[in-house]
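The values are calculated or read from the model by the stated rules, or taken from the named source; none is laboratory data. Everything quoted here is computed from the prediction, not taken from an experiment. Backbone-built Cβ (ideal geometry, glycine too); neighbour counts: all protein chains shown. We work out accessible area using only protein heavy atoms, side chains counted, and drop any ligands, DNA or RNA first. Shrake-Rupley method; radii C 1.70, N 1.55, O 1.52, S 1.80 Å.
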Amino acid sequence: MKVAVITEGSTKHRNADVVAAAESLGLEVLNLGMKNEPDEPDLSYLETAFLSALVLNLKVVDFVLGGCGTGQGYMNAVLQFPGTACGLLLDPVDAFLFSQVNAGNCISFALNKGYGGVGGDINLKYMLKELFAHPYGQGYPEARREIQVAARRRLEKLSALSHRSMEEILDVMDPIVLHTALDFPGIRACVEAAPESSLKRKVLELSLIHI
């Protein structure tokens, strides 16, 4: 599975922990967000949420690992976009239940609140282990499996009905958020590597515009 790790300004110092946790499970990691490097441009959870939705809709990755200080802002922001199903994970039980009941393609970590001076990196590894260790989207508990799977399919259809397309969103979204995200180092190369689509062509055109 190919996953993107996309961290924002207040949690850039946790980027290495998230990457290490994902790589420890043998996941192919595309590290697209802030990396706690000197002089890197700052991304807020608004930009990282947009980038998360973009790489999912471009089919660059299968899954996104994101978050913010509490996990709440990023989760709410990414859910404004089509093709995203995000959950907030605080412990391994959250991860297991999300994988079985919600079966989304994006998760939000609280990377400051409750992270602690020690143990936060271990909790990340256990959460990711529970997230990907079991057959995905089977429903839980067993007596409600069929109900949970059916509900998840209906939710996916509802999401498609209630969102604009990514291409429509690109036409009207805040230009500061749009170009802060698209101008971030490594993003254009990531888009160029995506499968061909009208969305890819539009993003590449927009990435050449500077405000």
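Output the residue which, of all residues in region 175-211 that are exposed (fewer than 11 other Cβ atoms within 10 Å of the Cβ) and among the acidic types (Asp, Glu), is farthest from ASN31 (Cα to Cα).
GLU205
Within region 1-92, which helices (runs of 4 or more DSSP H) (wholly inside it) include 3 or more residues that are touching a residue at least 60 places away in the same chain (Cβ under 8 Å) and buried (at least 17 other Cβ atoms within 10 Å of the Cβ)? Talk me through it step by step, then tell me what you get.
Working: elements: 15-23, 45-57, 72-78.
The helices (runs of 4 or more DSSP H) meeting that bar are 15-23, 45-57.
What's the number of the only condition in (1) closer than 20 Å to GLY120 by Cα; (2) over 15 Å from the mean Cα position of the chain (by Cα) that ASP42 fails to meet?
Failing condition for ASP42: (1).
How many residues does region 170-204 contain that are of a type in the set (Asp, Glu), assigned to a helix (DSSP H, G or I) and under 25 Å from LYS2 (Cβ atoms)? It would help to see each step written out before you state the result.
Here is the first cut: in region 170-204, the ones of a type in the set (Asp, Glu) are 171, 174, 183, 192, 196.
Narrowing the set further to residues that are assigned to a helix (DSSP H, G or I) leaves 171, 192.
Now drop any that are not under 25 Å from LYS2 (Cβ atoms), which leaves 192.
Going through region 170-204 one residue at a time, the tally reaches 1.
Answer with yes or no whether ALA95 is within 28 Å of ASN57 (Cα to Cα) and not β-branched (Val, Ile, Thr).
Values: within 28 Å of ASN57 (Cα to Cα): yes; not β-branched (Val, Ile, Thr): yes.
Here the answer is yes, as ALA95 does meet what is asked.
Let's see how each residue does on (1) over 16 Å from ALA181 (Cα atoms); (2) β-branched (Val, Ile, Thr); (3) under 11 Å from the mean Cα position of the chain (by Cα):
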residue	(1), (2), (3)
GLY26	yes, no, no
ASN31	no, no, no
THR70	yes, yes, no
LEU89	yes, no, no
GLN100	yes, no, no
LEU111	yes, no, no
GLY116	yes, no, no
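Results for (1) at pLDDT below 95; (2) surrounded by 15 or more Cβ atoms within 10 Å (Cβ to Cβ); (3) part of a helix (DSSP H, G or I), shown as yes or no for each residue.
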position: LYS125; (1), (2), (3): no, yes, yes
position: LEU131; (1), (2), (3): no, yes, yes
position: GLY139; (1), (2), (3): yes, yes, no
position: GLU156; (1), (2), (3): yes, no, yes
position: GLU168; (1), (2), (3): no, no, yes
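Can you name the residue in region 98-123 that is of a type in the set (Gly, Ala, Ser) and in contact with a strand residue (DSSP E or B) (Cβ under 6 Å, 6 or more places away or on another chain) and, of all such residues, is farthest from ASN57 (Cα to Cα)?
As a first pass, look at region 98-123 and keep what is of a type in the set (Gly, Ala, Ser): 99, 103-104, 108, 110, 114, 116-117, 119-120.
This time we only want the ones that are in contact with a strand residue (DSSP E or B) (Cβ under 6 Å, 6 or more places away or on another chain), so: 104, 108.
Working: GLY104: 14, SER108: 18 Å.
This residue is SER108.
Does SER108 fit the bill of being among the hydroxyl-bearing types (Ser, Thr, Tyr), within 28 Å of GLU28 (Cα to Cα) and open to solvent by 30 Å² or more (accessible area, probe 1.4 Å)? Outline the logic, then answer.
Details: among the hydroxyl-bearing types (Ser, Thr, Tyr): yes; within 28 Å of GLU28 (Cα to Cα): yes; open to solvent by 30 Å² or more (accessible area, probe 1.4 Å): no.
No; evaluated as a whole, the condition is false for this residue.
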